[in-house]
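Each remark here refers to the structure printed beneath this line.
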Amino acid sequence: MITLNQVMARAIDTKFTAEEDMDIDYKLNYTLLQEQTLQLNPDLQNAFINKKVAELSLKEVKGQRYPVVGVNGGYAFSRSANPTGFNQKFRGQGISYGLTASMNIFNGFLQRQNERNAKVQINSSEVELEKTKQTINAQLLTAFENYKTSLDLLKVETKNVDIAKQNLDITLAKYRLGSIAPLELREAQRNAINAITRFLDAQYQAKLTEISLKEISGTLNIQ
């Protein structure tokens with residue numbers, strides 16, 4: 001409890017109760033996981049965003065070739081009073097507006113260089129996106145194969161536990177009848193304990209592979 005509280009960065013004396021049963025999802029589908037990974041995996045989303053930013057940067061650089069049009073406007077109001085003279089009072093108001101246009105004719109081939117750099121950045125982001133896809137797909141396939149293997153192993157260990165318990169019950173009945181030695185009973189008890197231990201370990205590994213799959217596909221719910 002202390003170690004878990006420390007990892008979770010909360011008061012180390014926090015009391016809690018852990019569930020003893022593991023709820024394992026036996027119905028994960030690889031095709032669906034692939035679709036969810038493309039849509040929700042954070043690394044893939046980051047690579048998609050970087051590619052989009054690079055494309056927008058190129059558009060922004062190309063936009064510097066086009067004329068820039070500016071519109072301005074204003075409104076002026078003035079009033080003055082003069083106690084002497086003929087014009088004792090004066091008031092003026094009016095609207096002003098204008099239109100300006102400018103165009104970059106030549107900037108020492110800097111425009112061409114900026115566009116080349118932007119295109120290189122797009123190519124780099126596309127390569128990084130494909131590399132990320134390849135890496136994530138490999139991780140997903142590996143995790144799914146481990147998931148299937150873990151479920152198969154869990155089935156085997158579940159059967160082994162049933163067999164070990166049945167064997168223990170039979171051995172215990174024989175021991176009560178006095179037909180076997182205590183050492184044989186001890187061996188049956190040890191086999192049952194080992195079977196349960198292997199079952200719990202297989203259950204734990206199956207849950208880990210399930211979590212790994214959901215983490216890669218971006219569907220892990222930590223609530």
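No lab work stands behind these numbers, since they all come straight from the coordinates. Here the structure is a predicted model, which means the values were calculated and not measured. Don't worry about glycine lacking a Cβ; one is built from the backbone with ideal geometry, like all the others, and counts go over all protein chains shown.
Full-extension gain between residue 207 and residue 49, please, as 0.36 nm times their residue separation minus the C-alpha to C-alpha distance.
The span from residue 207 to residue 49 would gain 53.7 nm if fully extended.
Identify, among 172, 154, 213, the residue whose Cα sits farthest towards the positive end of the charge dipole of the range 124-223, taking +1 on the Cβ of Lys and Arg and -1 on the Cβ of Asp and Glu, with the dipole about the Cα centre.
In the range 124-223, that residue is 172.
Give 59/214; 27/159; 159/207 a once-over and call out the pairs whose C-alpha atoms are over 27 Å from each other. Before the final figure, lay out the partial values.
Details: 59/214 37 Å; 27/159 20 Å; 159/207 18 Å.
Result: 59/214 exceed 27 Å.
Rounded to the nearest 0.05, what FRET efficiency do residue 29 and residue 159 give with R0 = 30 Å and r taken as the Cβ-Cβ distance? Could you check? Intermediate results must be reported in sequence, preceding the final value.
Values: r = 25 Å, r/R0 = 0.84.
Once the sixth-power term is evaluated, E becomes 0.75.
Compute the FRET efficiency between residue 215 and residue 187 as 1/(1 + (r/R0)^6), taking r as their Cβ-Cβ distance and R0 = 30 Å, and round to the nearest 0.05.
On the way: r = 42 Å, r/R0 = 1.40.
Here the calculated transfer efficiency is 0.10.
Please identify every one of the GluC sites (Glu not before Pro) in the range 1-76 that sits in a loop by DSSP and has no more than 14 other beta carbons within 10 Å of its own beta carbon.
Counting only loop positions with at most 14 other Cβ atoms within 10 Å, the GluC sites (Glu not before Pro) in the range 1-76 are 19, 20.
Using a cut-off of 13 Å between beta-carbons, work out the net charge of the residues near residue 141 (Lys and Arg +1, Asp and Glu -1, residue 141 not included).
That works out to +1.
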